[in-house]
Structure formats: structure tokens, C-alpha cells
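Below is one structure, written out as C-alpha cells; the observations come after it.
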Amino acid sequence: PGLYVCAKCGHELFSSRAKYEHSSPWPAFTETVHEDSVSKRKERPGALKVSCGKCGNGLGHEFLNDGPKRGQSRF
């Protein structure tokens, strides 16, 4: 339980309340803690490249419409 933060700068990214089990080996989240927790840029259809909103450290992707509920995204 708690907050997941950027390994580089400590900026708050995700809450354990938004974490869920997914078939990928990586932690999966439905939402960020703050609106400015991450920055996003389109990488390919259905996927956005995600970086720390404070320092720009690469965090992975947001997969659109791949969350646990219809219409939700997965980080």
C-alpha cells in the first residue's frame, strides 16, 4: 500500500489503489495520482509513451482501452 514514485526524482506517479493484476509481468495502473504526474506523447496507435511529469524519466507506456474496465487505459 502507498505511492509509487519516480526512481530518478521521487515525483508521485501512481497509488496502490489504482494498481490491478494484469497478464503482463509489469505493474499495471488505471490512473495517475496527479494530473501532472506523467507526460505523454503518441508513439503508435493505441499506445502513448509515458515519462515522469517532473524530470522526464521514461516510465513505459499507456495502453489505451486496455484497462480492467471498458474504456479504461492501462499504465
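The values are calculated or read from the model by the stated rules, or taken from the named source; none is laboratory data. Keep in mind the model is a prediction, meaning the values are calculated, not measured. Note: ideal-geometry Cβ built from the backbone for every residue, glycine included; neighbour counts use all protein chains shown. Accessible surface areas use protein heavy atoms only, side chains included; no ligands, DNA or RNA. Shrake-Rupley method; radii C 1.70, N 1.55, O 1.52, S 1.80 Å.
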Rounded, prolate or oblate (a/c below 1.5 giving rounded, otherwise prolate when a/b exceeds b/c) for the chain by Cα gyration tensor: oblate
Looking at the chain, identify the longest residue range that excludes and avoids all GluC sites (Glu not before Pro) in DSSP loops having at most 11 other Cβ atoms within 10 Å. 36-75
Give the aspartates and glutamates reachable from LYS54 as a straight Cα distance under 16 Å; neighbours fewer than 8 places away on the same chain don't count. GLU12, GLU35, ASP36
Could you work out the local net charge near ALA47, counting Lys and Arg as +1, Asp and Glu as -1, over the other residues with Cβ closer than 15 Å to its Cβ? +3
How much length is gained on full extension from LYS19 to ASN65, taking 0.36 nm per residue of separation minus their Cα-Cα distance? 15.0 nm
Per residue value of the accessible surface for the chain (all protein chains in place, 1.4 Å probe), Å²: 68 Å²
Please tell me the relative contact order of the chain in percent, rounded to the nearest whole number, where contacts are Cα pairs under 8 Å and at least six residues apart. 23 percent
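Just in segment 1-49: which trypsin sites (Lys or Arg not before Pro) are loop by DSSP and have at most 13 other Cβ atoms within 10 Å? Mind showing how you got there, number by number?
Working: sites: LYS8, ARG17, LYS19, LYS40, ARG41, LYS42, LYS49; in loops: LYS8.
Qualifying residues, ordered by number: LYS8.
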Roughly how many nanometres apart are two label points built 7 Å out from the Cα toward the Cβ at HIS34 and CYS55? 1.5 nm
